[in-house]
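Q: Just dropping this structure here.
The values are calculated or read from the model by the stated rules, or taken from the named source; none is laboratory data. What you see is a predicted model; the values in this text were computed from it and never measured. Cβ: placed from backbone, ideal geometry, glycine included. Neighbour counts: every protein chain shown. For accessibility, only protein heavy atoms count, side chains too; no ligands or nucleic acids. Shrake-Rupley method; radii C 1.70, N 1.55, O 1.52, S 1.80 Å.
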Amino acid sequence: MSDNAVEVSSAEEGAPDETYEMKISMSVLEALGINLYSNAAAVVSELVANAWDADANLVEINWNAGGDDAFVEISDDGRGMTREELKRKFLTVGYSKRTTEGGLSDGYKRPFMGRKGIGKLSVFSIADTVEVHSARNGERNAFRIEVDELKKRIEDDKAYHPEPIDVLPALGAHGTIIRLTNLRRRRIDVALNALRKRVARRFDVLTLVAPKAADGETPLDAVKSQISDLRRMIEADPADTTASNALAGLFYVTLNGAPISFDDRIELKKLEYLWEFGAERIPAESLAADAVRTVLPASVPGDSTWLVSGWFGTTARPDQLVEDDEAGSLKNIMVLSRGRPIQESILERLDFSRLFVSYTTGQIRADFLDTDDQDDIATSDRQRLMEDDPRVVALRDFLRAALLRASDQWSEWRPKRKAKEVLANNKPIKDWIESLPKYQQDPATKLMGTIESLSIPESTDAAKDRRRLFQSGIIAFERIGLREDVERLNQLSTMQTDDILTVLATLDSYESAMYLDLIRARIETIQSFKDDVAENVLEKVLQEKLHANLWLLDPAWDRISQDVSMEERVFELAETFGAERPEEDALKRIDLRYCNVQNRHVIIELKRPGVKPDIDVLYDQGLTYIRALTQILEETGRSDEPYEVIFVVGQKPGAKKSPPSKNPDDYSRERVAELNGRVFRYQELIHKARAQYSEYIEKNKNLTRVAEVLDALSD
Ligand SMILES: Nc1ncnc2c1ncn2[C@@H]1O[C@H](COP(=O)(O)OP(=O)(O)OP(=O)(O)O)[C@@H](O)[C@H]1O
Ligand SMILES: [Mg+2]
């Protein structure tokens, strides 16, 4: 028990000068204390801010929130408070620091963070018992506030007298310890790491690089000896301004012994792009090596004293900004004034809807929001600002413009960066891009970068999903590329990532599947057709193949609508006209087919390759079908629709009945023309298919190329 404690406890009840007294209304206690803060970091920040104002160099937070003897202790090595100051400053709600003491601390001339005289009430939102221990000018005092009793006194309309208690032995020669017990579990249930990060983020005056610890020294020891060395130097030579400036700037916060450092500014290391106001101030070591930095103007239009510093930046993926529950989302830009938060997130206030904001985090300092000579525009919890203050309006406009510009740059830069990553990590895509004509390579690269930069929700299928997107993107690109539509290619590659998702989503489900299947099927068919030819397979195999692939007859015939009932009717009717089914049932329809190709009625008659058909027999057959077909068309009011008869034969048709005056070939040709028909020979088809094959492959080197990359990307 210290002497001072004796002194305090010897203070007689009823001697108003000696007794601690706290006057507060219930509504103030509840609104500005108990209910103001829901997160522990904000409370801790109030105490850290008070320590800053008290010219502390070190704030030690001891967070022992678990177990029966849970407590939280925040000690600082600042100037401390005398008994009189405890009463007049600490215990007075609404103590108006800046009007009483001016704008700067008296030791280190730090601009005061405190202003309202209510910050200390924040502790009541996490603890029901609050002890304050403070030492100054040889005075050592301590008292305890019990919230329950405080409330009772308020209800009874009586002044509350915090109980004097023994001073904690840990209290230094000067400084303050706030000890909190009877903690409110729900509000203090926070992971230590999260707390560190949150506190780290809420100040930009913290010294985040601790001195190197000597052998056997803890980091906290190292910090302490750095401070005491400097203090000794100044004591020895009060004119040593280098030492005193260095000391004035030192402000360490430790949590359970470990100094908060740049490692707790995890978001910094994750930044891909960083925009800083005024100058590059973040040390390069605390950033990723390949972070891209841009400096933006610092001056807010409206007043020459309105200057901002600080930064905002983007991470590779939005989920990197969601750390853990308590640290909360970093997806915001915090506004600090005089080194402490004055607005938790200004992003929401900017009506900025671009995707960019999901990647953005930042910490902006705007000291002009809190000047001693102007109105206080922070709300009590310092989470928001008076929205209509001209300074706030100007800052918002300024930030909105800065973000717009940054977001344009980001949309341009990021796909390129991502493209580099894709090219480095994905060989098939790299090969695909290199296989494209020169003029297409740029947009293709950008498109791949855009896809790589899309954020796909983390899941076991994420990699697969992304491969799908690449496939769809490649197909979309090839489709347009085949038409050589550079304009549209460029559009595709500069699309905003959210638009491209929509485009690819539809492509993925529909077009890509169809197009890809078509490409693959054709390549395979032509290949097998070629093999068949090589093997001299002629008869039924080719017939079947032809029927299944009418596009071999005409490359444009790729969308055939099978109309089975029409087919039935044509052939039934033709039979009544005396047409013979040329083959028995077993071969039904194999050598005769009706189809509708691009709104054209086509009848295809296949002749056995070994048979030499007679042109008049063909003519009669053809005519019968045409009669049947035209009759049906007439009956259904479609007599104007075009039709055609095609014969596929093994040998050139003979012309037994050709008039002696005529060349048999000419006669055959005339007869076919009369029917509005065409005659193909298998050999000719094979030849054509071969030519087509190589032409197809040649013209669309694309397709094998595309097939390759798509295959490589499929699971
Ligand atoms: N750790 C401390 N060391 C020395 N003095 C302190 C400390 N904490 C509080 N005080 C004194 O108590 C006063 C009241 O603190 P409080 O946080 O309630 O208000 P404030 O800091 O003045 O303003 P604000 O409400 O804006 O924080 C301070 O102005 C300061 O004089
Ligand atoms: Mg304060």
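Q: Is at least one residue of region 66-76 within 6 Å of ligand 1 (Cβ to nearest atom), open to solvent by 10 Å² or more (accessible area, probe 1.4 Å), out of contact with any strand residue (DSSP E or B) (no Cβ under 9 Å at 6 or more places or on another chain) and touching a residue at least 12 places away in the same chain (Cβ under 8 Å)? Lay out the reasoning, then the answer.
A: Applying the first criterion (within 6 Å of ligand 1 (Cβ to nearest atom)) to region 66-76 yields 76.
Remaining after also requiring open to solvent by 10 Å² or more (accessible area, probe 1.4 Å): 76.
Narrowing further to those that are out of contact with any strand residue (DSSP E or B) (no Cβ under 9 Å at 6 or more places or on another chain): none.
No: region 66-76 contains no residue that is within 6 Å of ligand 1 (Cβ to nearest atom), open to solvent by 10 Å² or more (accessible area, probe 1.4 Å), out of contact with any strand residue (DSSP E or B) (no Cβ under 9 Å at 6 or more places or on another chain) and touching a residue at least 12 places away in the same chain (Cβ under 8 Å).
Q: When you scan region 23-60, how many residues do you find that are within 16 Å of ligand 2 (Cβ to nearest atom) and within 23 Å of GLU155 (Cβ to Cβ)?
A: Of all residues in region 23-60, those within 16 Å of ligand 2 (Cβ to nearest atom) come to 24, 28, 32-33, 36-37, 41-56, 59.
Those left that are additionally within 23 Å of GLU155 (Cβ to Cβ): 24, 28, 32-33, 36.
The total comes to 5.
Q: While we're here: Could you count how many residues in region 267-297 are touching a strand residue (DSSP E or B) at 6+ places or on another chain (Cβ under 9 Å) and either open to solvent by less than 40 Å² (accessible area, probe 1.4 Å) or at positive phi (or both)?
A: Residues in region 267-297 being touching a strand residue (DSSP E or B) at 6+ places or on another chain (Cβ under 9 Å) and either open to solvent by less than 40 Å² (accessible area, probe 1.4 Å) or at positive phi (or both): 17 in total.
Q: Pick from region 96-111 the residues that are open to solvent by less than 30 Å² (accessible area, probe 1.4 Å) and closer than 21 Å to ILE177 by Cβ: which of them is nearest to ligand 1 (Cβ to nearest atom)?
A: Checking each candidate, the answer is SER105.
Q: Quick check on region 70-92: of everything there that is of a type in the set (Ser, Thr, Tyr) and closer than 17 Å to GLU46 by Cα, which residue is farthest from ligand 2 (Cβ to nearest atom)? Give the derivation first.
A: At the first step, the residues of region 70-92 found to be of a type in the set (Ser, Thr, Tyr) are 75, 82, 92.
Subsequent filtering for residues that are closer than 17 Å to GLU46 by Cα retains 75, 92.
Values: SER75: 16, THR92: 12 Å.
Here the residue is SER75.
Q: Please give the number of the condition LEU86 fails out of (1) open to solvent by 10 Å² or more (accessible area, probe 1.4 Å); (2) within 10 Å of ligand 1 (Cβ to nearest atom).
A: Here LEU86 meets the rest and fails (1).
Q: Moving on. Within region 152-167, is there a residue that is more than 8 Å from ligand 1 (Cβ to nearest atom), among the hydroxyl-bearing types (Ser, Thr, Tyr), without any contact (Cβ under 8 Å) to a residue 60 or more places away in the chain and open to solvent by less than 60 Å² (accessible area, probe 1.4 Å)? Spell out the reasoning first.
A: Residues of region 152-167 that are more than 8 Å from ligand 1 (Cβ to nearest atom), as a first pass: 152-167.
In the following step, the residues that additionally are among the hydroxyl-bearing types (Ser, Thr, Tyr) were identified as 160.
This time we only want the ones that are without any contact (Cβ under 8 Å) to a residue 60 or more places away in the chain, so: none.
Checked region 152-167: no residue is more than 8 Å from ligand 1 (Cβ to nearest atom), among the hydroxyl-bearing types (Ser, Thr, Tyr), without any contact (Cβ under 8 Å) to a residue 60 or more places away in the chain and open to solvent by less than 60 Å² (accessible area, probe 1.4 Å).
Q: Additional query: Restricting to region 656-686, what's the tally of residues that are open to solvent by 20 Å² or more (accessible area, probe 1.4 Å) and part of a loop (DSSP other than H, G, I, E, B)?
A: 9
Q: Out of the residues in region 168-182 that are closer than 16 Å to PHE71 by Cβ and open to solvent by 20 Å² or more (accessible area, probe 1.4 Å), state the one that is nearest to ligand 2 (Cβ to nearest atom).
A: Looking at residues that are closer than 16 Å to PHE71 by Cβ and open to solvent by 20 Å² or more (accessible area, probe 1.4 Å), I get ARG179.
Q: For the condition at pLDDT below 95 and more than 15 Å from ligand 2 (Cβ to nearest atom), what is the one hit in ALA142, ALA135, ALA127?
A: On the way: ALA142 fails: at pLDDT below 95; ALA135 fails: at pLDDT below 95.
Step by step, each of ALA142, ALA135, ALA127 is checked, and only ALA127 is at pLDDT below 95 and more than 15 Å from ligand 2 (Cβ to nearest atom).
Q: Hey, does region 169-177 have a residue that's of a type in the set (Val, Ile, Thr), touching a Leu at 6+ places or on another chain (Cβ under 6 Å) and touching a residue at least 60 places away in the same chain (Cβ under 8 Å)?
A: So the first thing to find is which residues in region 169-177 are of a type in the set (Val, Ile, Thr), and the list is 176-177.
So of that shortlist, the ones also touching a Leu at 6+ places or on another chain (Cβ under 6 Å) come out as 177.
Filter again for touching a residue at least 60 places away in the same chain (Cβ under 8 Å), leaving 177.
Yes, region 169-177 contains a residue that is of a type in the set (Val, Ile, Thr), touching a Leu at 6+ places or on another chain (Cβ under 6 Å) and touching a residue at least 60 places away in the same chain (Cβ under 8 Å).
Q: Which residue, of GLY80, GLY33, is open to solvent by less than 30 Å² (accessible area, probe 1.4 Å), on the phi > 0 side of the Ramachandran plot and in contact (Cβ under 8 Å) with a residue 60 or more places away in the chain? Give the derivation first.
A: Working: GLY33 fails: on the phi > 0 side of the Ramachandran plot.
Result: GLY80 is the single residue among GLY80, GLY33 that is open to solvent by less than 30 Å² (accessible area, probe 1.4 Å), on the phi > 0 side of the Ramachandran plot and in contact (Cβ under 8 Å) with a residue 60 or more places away in the chain.
Q: Could you list, in sequence order, the residues of region 93-119 that are free of Cβ contacts under 8 Å to residues at least 60 places away in the same chain and either within 13 Å of ligand 2 (Cβ to nearest atom) or not assigned by TED's automatic domain parsing to the domain that holds HIS161 (or both)?
A: GLY94, TYR95, SER96, LYS97, GLU101, SER105, GLY117 - these are the residues of region 93-119 that are free of Cβ contacts under 8 Å to residues at least 60 places away in the same chain and either within 13 Å of ligand 2 (Cβ to nearest atom) or not assigned by TED's automatic domain parsing to the domain that holds HIS161 (or both).
Q: Checking ASN50 against (1) within 21 Å of PRO162 (Cβ to Cβ); (2) part of a helix (DSSP H, G or I); (3) more than 7 Å from ligand 1 (Cβ to nearest atom); (4) within 44 Å of the chain's Cα centre (by Cα), which single condition isn't satisfied?
A: (3)
Q: Kindly indicate which of ASP381, ASP376, ASP388 is touching a residue at least 12 places away in the same chain (Cβ under 8 Å) and open to solvent by 30 Å² or more (accessible area, probe 1.4 Å). Quick ask: steps written out before the conclusion?
A: Values: ASP381 fails: open to solvent by 30 Å² or more (accessible area, probe 1.4 Å); ASP388 fails: touching a residue at least 12 places away in the same chain (Cβ under 8 Å).
Of the residues listed, the single one that is touching a residue at least 12 places away in the same chain (Cβ under 8 Å) and open to solvent by 30 Å² or more (accessible area, probe 1.4 Å) is ASP376.
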